[in-house]
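**Student:** Structure incoming, see below.
The values are calculated or read from the model by the stated rules, or taken from the named source; none is laboratory data. As the structure is a computational prediction, the values presented were derived from the model and not from experiment. Counting neighbours? That spans all protein chains shown, and the Cβs are built from the backbone with ideal geometry, glycine included.
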Amino acid sequence: MKISTKGRYGLTIMMELSAKFGEGPISLKSIAEKNSLSEHYLEQLIAPLRNAGLVKSVRGAYGGYILSKDPATISAGDVIRILEGPISPVDFTEEDDPAKRDLWLRIRDSIAEVLDSTTLSDLITFKGEDKLSNYMFYI
């Protein structure tokens, strides 16, 4: 499964809003500038997130967007499903070979489990520890 720019940029928007949760609205222009993204494209992505109830818009000179609920209650899976649709590596039917169908289902379920168990809070607090730093390599 390949996540398109819709999903990636949508997660970027949501992470930026999560990082400023409780501090007031954030403009899409500031998110676009900070991340070198198209403000126009972000405007297209925020609409489905707002329609799904994940974000609220605030009008006015100091308006922008805020999360509608705590970042710890919004998963990466919520965002990806809204912007990308159902999570599935391939389309399959009941007529497919049962062994292959079982493989696709296990892959789909594994991807969904990771996305659904990762909250926006998890994403903004990730420290990026270098897992290879504990190993010594000899050539």
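**Student:** Is it the case that some residue within the range 47-61 is in contact with a Phe, Trp or Tyr (Cβ under 6 Å, 6 or more places away or on another chain) and of a type in the set (A, V, I, L, M, F, W, C)?
**Tutor:** yes
**Student:** Within the group Ile3, Ile82, which residue is modelled with pLDDT under 90 and under 24 Å from Ser117 (Cβ atoms)? Full working, then the answer.
**Tutor:** Details: Ile82 fails: modelled with pLDDT under 90.
Of Ile3, Ile82, the one residue that is modelled with pLDDT under 90 and under 24 Å from Ser117 (Cβ atoms) is Ile3.
**Student:** When you check Glu43 against the structure, is it of a type in the set (D, E, K, R) and in contact with a Gly (Cβ under 7 Å, 6 or more places away or on another chain), yes or no? Lay out the reasoning, then the answer.
**Tutor:** Details: of a type in the set (D, E, K, R): yes; in contact with a Gly (Cβ under 7 Å, 6 or more places away or on another chain): no.
Considered against the rule, which asks whether it is of a type in the set (D, E, K, R) and in contact with a Gly (Cβ under 7 Å, 6 or more places away or on another chain), Glu43 comes out as no.
**Student:** Where in the range 1-60 are the helices (runs of 4 or more DSSP H), entirely inside, with at least 3 residues that are small (Gly, Ala, Ser) and in contact (Cβ under 8 Å) with a residue 60 or more places away in the chain?
**Tutor:** The helices (runs of 4 or more DSSP H) meeting that bar are 5-19.
**Student:** Examine the range 93-116 for a residue that is of a type in the set (Phe, Trp, Tyr) and touching a residue at least 24 places away in the same chain (Cβ under 8 Å), and state whether such a residue exists.
**Tutor:** So far as the range 93-116 goes, no, none of its residues is of a type in the set (Phe, Trp, Tyr) and touching a residue at least 24 places away in the same chain (Cβ under 8 Å).
**Student:** Further, regarding this structure: Out of the residues in the range 71-89 meeting the condition of being part of a helix (DSSP H, G or I) and touching a residue at least 60 places away in the same chain (Cβ under 8 Å), tell me which one is surrounded by the fewest Cβ atoms within 10 Å (Cβ to Cβ).
**Tutor:** Taking the candidates together, the pick is Glu84.
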